[in-house]
Amino acid sequence: MFKHTPISKDLNLSEVVYGAWRLADDSDTSTATIRKKIDACLEQNITSFDHADIYGDYQCEVLFGKALAEQPSLRDQMQLISKCDIAIPSQQYPTRRVKHYDTSPAYINMSVDNSLRNLHSEQLDLLMIHRPDPFMDAAQTAKALDALIDSGKVKAVGVSNFSASDWRLLQKHMSHNLIVNQIELSLLESNSLRDGTLADLQTDDMKAMAWSPLAGGALFGDSPAAIRLQPLLTDLCKRFNCGVDHLAIAWLLAHPAGIIPVVGTNNLDRIKALSSILNVELDRETWFDLYSTANGCEVP
């Protein structure tokens, strides 16, 4: 069973989070099928579910919410995460002319209200600003986020894809703490381990959530890095009796910063098998073997 990670004094997340961004892409989006995915997660103590208003052309929260509406008691067994500020042209918003970011208080409040309605919930456990907004009025955005926490609509707030400069500007104007930054991080995309991002997060007492921990499936592809990794991954899979996906996620979990991977498969069998990650125990040298092989050179 997966453990939980303290994020703040009021919020724990499961050490692996289920990402709902592909729910609407499945060939079967029935409430019964989505409920099976939820149950498979909960049975392994994966209790945190990651959403964003835009996922599935604004439909993933709706689909997930139907399962909660059928059995409201499920809500008490999970933590609901959502994100906002990316605005895309869509049939849902036909007057939009261009994809853009919107961190205005009006937009943030509209998005949160929509998410709560779609998810049939009175509160989001975590809200994140999805992308840094070059047109952001940091003071006004901060005021809106603080007000959402004070109102009880949101338990905690964070950011996604932010640099340290971006999140510190926002934090400067807030009375509540930003507690997470969701960043791209995987064996094939590990720049945040070297560019200061992960160090800055730890310095500022923020947790890192890792989106695309399998590099969007590229780990199974034919890129030079993926090809270099294949022999090592094959050997380790035999040693730990697990899949490549389990190794890639275990590599993130092994880091002492307490990185929280966000896993978004639609395959029910793969969801049920996520607990195989717990069979993998990487020592320091094996961790560096994977890191160095993926980067194509030994560390300096």
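The values are calculated or read from the model by the stated rules, or taken from the named source; none is laboratory data. None of the values given here were measured: they were computed from a predicted structure. Don't worry about glycine lacking a Cβ; one is built from the backbone with ideal geometry, like all the others, and counts go over all protein chains shown. The protein model used for the area step is the full one, side chains on, heavy atoms only, and it has no ligands, DNA or RNA in it. Shrake-Rupley method; radii C 1.70, N 1.55, O 1.52, S 1.80 Å.
Computed 3J(HN,Hα) for the stretch 274-280, one whole-Hz value per residue from the Karplus formula 6.51 cos²θ - 1.76 cosθ + 1.60 where θ = phi - 60°, is 4, 5, 5, 4, 5, 7, 9, glycine and proline marked x. The orientation-averaged projected area of the convex hull spanned by the Cα atoms of the stretch 21-69 comes to 3.2 nm².
Normalised size of the stretch 167-217, defined as Cα radius of gyration per 2.2 N^0.38 Å with N residues, equals 1.24.
Leaving ligands, DNA and RNA out of it, report the carbon-plus-sulfur percent of the accessible area of the stretch 210-254 at a 1.4 Å probe.
58
Using a Gaussian network model of the chain in which every pair of alpha carbons under 10 angstrom is joined by a spring, one finds that among Pro213, Pro132, Pro94 the greatest mean-square fluctuation is at Pro94.
Electrostatic tally near Ala20: other residues with Cβ closer than 12 Å to its Cβ, Lys and Arg +1, Asp and Glu -1, net -2. Across the stretch 54-161, the relative contact order, built from alpha-carbon pairs under 8 Å that are at least six residues apart, equals 29 percent. If I take R0 = 41 Å and measure r between the Cβ atoms of Thr95 and Asp25 in this structure, what FRET efficiency does the formula 1/(1 + (r/R0)^6) give, to the nearest 0.05? For R0 = 41 Å, the calculated efficiency reads 0.95. Please report the carbon-and-sulfur percent of the accessible area for the stretch 7-81; probe 1.4 Å, protein heavy atoms only, DNA, RNA and ligands left out. Reported share for carbon and sulfur atoms: 42 percent.
Computed over the stretch 87-224, the convex hull of the alpha-carbon atoms projects to a mean area of 10.2 nm². What the Cα atoms of the chain give is an Rg and a Dmax of 19.0, 55 Å. Short-range pairs are left out: with C-alpha atoms under 8 Å and at least six residues apart, the relative contact order of the chain is 17 percent. Taking the DSSP beta bridges with both ends in the chain, the antiparallel portion is around 25 percent. The value of relative contact order for the stretch 135-217, using C-alpha pairs under 8 Å at least six residues apart, is 28 percent.
For the chain, the mean residue ellipticity at 222 nm estimated from helices alone is -11500 deg cm²/dmol, where every DSSP H run of n ≥ 4 contributes -39500 (n - 2.57) and the total is divided by all residues, rounded to the nearest 500. Taken per residue, the accessible surface of the stretch 144-260 reaches 41 Å², heavy atoms only and a 1.4 Å probe.
When you count the other C-beta atoms within 10 angstrom of each residue and take the mean per peptide, 253-259, 55-61 line up highest first as 55-61, 253-259. Shown in residue order for the stretch 181-190 are the 3J(HN,Hα) couplings computed by the Karplus curve 6.51 cos²θ - 1.76 cosθ + 1.60 at θ = phi - 60°: 9, 8, 10, 6, 7, 6, 4, 8, 9, 10 Hz (x for Gly and Pro). The Stokes-Einstein estimate for the stretch 217-300, based on a Kirkwood radius over Cα pairs and taken at 25 °C with 0.890 mPa s viscosity, is a diffusion coefficient of 182 µm²/s.
Extents of the stretch 76-159, largest first, come to 39, 31, 17 Å (Cα atoms, principal axes, whole angstrom).
Stretching Asp204 away from Asp150 to a fully extended chain increases their span by 17.2 nm, per 0.36 nm per residue minus the current alpha-carbon distance.
Note on Asn267 and Ser165: their simple-model spin labels are 4.1 nm apart, each label 7 Å out from Cα toward Cβ. Give Lys37/Lys238; Lys9/Lys155; Lys207/Lys272; Lys66/Lys272; Lys99/Lys207; Lys37/Lys83 a once-over and call out the pairs whose C-alpha atoms are over 18 Å from each other. Cα-Cα > 18 Å for Lys37/Lys238; Lys207/Lys272; Lys66/Lys272; Lys99/Lys207; Lys37/Lys83; rest within. Couplings 3J(HN,Hα) for the stretch 205-215, derived from phi with the Karplus relation 6.51 cos²θ - 1.76 cosθ + 1.60 (θ = phi - 60°), are 6, 10, 8, 9, 9, 9, 8, 6, x, 9, 6 Hz, where x marks Gly and Pro.
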